[in-house]
Amino acid sequence: MDYAKSFSRALQGIRDEGRYREFADIQRRRGQFPDARHFSADGGDEDRREVKVWCSNDYLAMGQNPVVIAAMHEAIDAAGAGSGGTRNISGTTHYHVQLEAELADLHGKEAALLFTSGYIANDASLSSLVRLLPGCVIFSDEKNHASMIEGIRHGGGAKHIWRHNDLAHLEELLRAHDAATPKIIAFESVYSMDGNISPIGDICALAKTYNALTYLDEVHAVGLYGPRGGGVAERDRVMDRVDIIEGTLAKGFGLMGGYIAASADIADAIRSFAPGFIFTTSLAPAIVAGALASVRYLKESGTERARHQERAMTLKRRLTEAGLPVKANPSHIVPLTVGDPVRCKALTDALMARYGIYVQPINYPTVPRGEECLRLTPSPIHSDAEMDYLIDALNTLWAEMDLARAA
């Protein structure tokens, strides 16, 4: 077995397809978002240039918020750097306890459980739920995130994939199972690549009719929607009808980590049985303290949410007016369709090299082949002038590369 050749062949395959991923070496400038420094792959610390970030998932720029940063400094001074262990072995600090209580309150649930990432939260929770419910069948939306898909696979139980947001298809699948069969409907609120929003209330109604639990991923909605940032379910006033809500601290809240909010027994069962929770070091106190400050801040302030929605809608309108192919959707997601991995990469390379605009190409497997795109994420502090500059750059490159315009 030639191991080196096997790895080389695999890498060459994705290079040939045009979807080899390169990381941009950037450093955000505190207090000056969306400004960042981009470091050359060939140079040292001095070989850098200023760029504007247009693809961050720190949607509200809470990672730059002075209240959040101050809380993190205070936690480092008070508790030091790391947590010191797993949650079971010295890694449950008072910050963790406070944040779980704050998240439970945010979603109107009895309890919440912190994980090291949203990916781990989905993987650990869904796989454990299947094992805890013998004979359980999962009904998964076809556009669910990779972390949900992995969690369902790891659970090892039966599953059905229902067509995206197609309630008739979901009901058809549910109807085929006995009422006594344990069932979980797994879906998202905001789908992060095309920006669609699910009909949460209608899905919950089906769950009640067919005796199923609901598992809702609100990763791209928490902090961003609802009067207190509880997500689309809060906005639509159906939060109490969802059994398990999964969220992240790494997007709207600007830090890192993931969580679930549910009944006390569900949270305790996952806490007690999920290897992905039990056997990993807990989040550092400074990160948890920052997240705690962010959640509390966004419960009280709707200014960032309102400005974020306005910026996203404005950018969509202006891109559409420019004839650029924005995929229509009702959320803050701004996908610009390219439809080819090689040209998508060439476009983002040119944006960075010629204009100092950082946008990451989105290729397979994040999106299906043929749906390659730029995913733009305007924040509350992207200015009109920065939009002007972005659209002028896109117009120039779109023409040069002879890319398809909107119909």
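The values are calculated or read from the model by the stated rules, or taken from the named source; none is laboratory data. Just so it is clear, the structure is predicted and the values come from calculations on it, not from any experiment. Positions of Cβ are generated from backbone atoms using ideal geometry, with glycine treated the same way; all protein chains shown enter the neighbour counts. Surface accessibility is based on the protein's heavy atoms, side chains included, excluding ligands, DNA and RNA. Shrake-Rupley method; radii C 1.70, N 1.55, O 1.52, S 1.80 Å.
Observations
- Pair list, Cβ under 7 Å, 6 or more apart: segment 191-204 residue closer than 16 Å to residue 236 by Cβ, other residue among the hydrophobic types (A, V, I, L, M, F, W, C) and in a loop (DSSP other than H, G, I, E, B): 200/238; 200/242; 201/238; 204/238; 204/242
- Cross-chain or 6+ apart pairs with Cβ under 8 Å, segment 209-235 first and under 13 Å from residue 108 (Cα atoms) and in contact (Cβ under 8 Å) with a residue 40 or more places away in the chain, then assigned to a loop (DSSP other than H, G, I, E, B) and hydroxyl-bearing (Ser, Thr, Tyr): 231/189; 231/225; 233/189; 234/225
- The number of residues in segment 358-373 that are surrounded by fewer than 22 Cβ atoms within 10 Å (Cβ to Cβ) and either closer than 19 Å to residue 310 by Cβ or modelled with pLDDT of 90 or more (or both) comes to 2.
- Residues located in segment 207-239, provided they are aromatic (Phe, Trp, Tyr) and either open to solvent by less than 10 Å² (accessible area, probe 1.4 Å) or under 21 Å from residue 296 (Cα atoms) (or both): 215, 225
- Those residues of segment 256-290 which are aliphatic (A, V, I, L, M), open to solvent by less than 20 Å² (accessible area, probe 1.4 Å) and touching a strand residue (DSSP E or B) at 6+ places or on another chain (Cβ under 9 Å), in sequence order: 260, 261, 262, 267, 270, 274, 283, 288
Listed here are the residues, each with its yes/no results for (1) among the hydroxyl-bearing types (Ser, Thr, Tyr); (2) in contact with a Phe, Trp or Tyr (Cβ under 7 Å, 6 or more places away or on another chain); (3) closer than 26 Å to residue 259 by Cα.
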| residue | (1), (2), (3) |
| --- | --- |
| 14 | no, yes, no |
| 26 | no, yes, no |
| 48 | no, yes, no |
| 59 | yes, no, yes |
| 81 | no, no, yes |
| 84 | no, no, yes |
| 99 | no, no, yes |
| 109 | no, no, yes |
| 114 | no, yes, yes |
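- Among the residues of segment 256-296, those identified as in a loop (DSSP other than H, G, I, E, B) and under 15 Å from residue 133 (Cβ atoms) are 263, 274.
- Residues in segment 324-352 that are among the small types (Gly, Ala, Ser) and at pLDDT 95 or above: 2 in all.
- Test: residue 41 is of a type outside the set (S, T, N, Q) and in contact (Cβ under 8 Å) with a residue 40 or more places away in the chain: no
- Selection within segment 175-202: residues that are surrounded by fewer than 23 Cβ atoms within 10 Å (Cβ to Cβ) and in a helix (DSSP H, G or I). The member of this set that is nearest to the chain's Cα centre (by Cα) is 201.
- Residue, surrounded by the fewest Cβ atoms within 10 Å (Cβ to Cβ), within segment 326-353, restricted to residues that are closer than 13 Å to residue 375 by Cα and among the aliphatic types (A, V, I, L, M): 328
- Residue list for segment 96-120, filter: among the acidic types (Asp, Glu) and open to solvent by 30 Å² or more (accessible area, probe 1.4 Å): 102, 105, 110
- Test: residue in segment 393-406 that is touching a strand residue (DSSP E or B) at 6+ places or on another chain (Cβ under 9 Å), among the aromatic types (Phe, Trp, Tyr) and open to solvent by less than 50 Å² (accessible area, probe 1.4 Å): no
- Inside segment 305-336, residues that are in a loop (DSSP other than H, G, I, E, B), within 18 Å of the chain's Cα centre (by Cα) and not small (Gly, Ala, Ser) make up a count of 4.
- Of all residues in segment 73-95 being in contact with a helix residue (DSSP H, G or I) (Cβ under 6 Å, 6 or more places away or on another chain) and surrounded by fewer than 21 Cβ atoms within 10 Å (Cβ to Cβ), the one that is farthest from residue 277 (Cα to Cα): 76
- Taking segment 302-311 as the range and being open to solvent by 20 Å² or more (accessible area, probe 1.4 Å) and either touching a Pro at 6+ places or on another chain (Cβ under 6 Å) or not hydrophobic (A, V, I, L, M, F, W, C) (or both) as the test, the residues that pass are 302, 303, 304, 307, 309, 310.
- Filtered by the rule that a residue be open to solvent by 10 Å² or more (accessible area, probe 1.4 Å) and acidic (Asp, Glu), segment 121-152 gives 123, 142, 150.
- Selection within segment 374-387 - within 26 Å of residue 220 (Cα to Cα) and either surrounded by fewer than 13 Cβ atoms within 10 Å (Cβ to Cβ) or among the hydrophobic types (A, V, I, L, M, F, W, C) (or both): 374, 376, 381, 383, 384, 387
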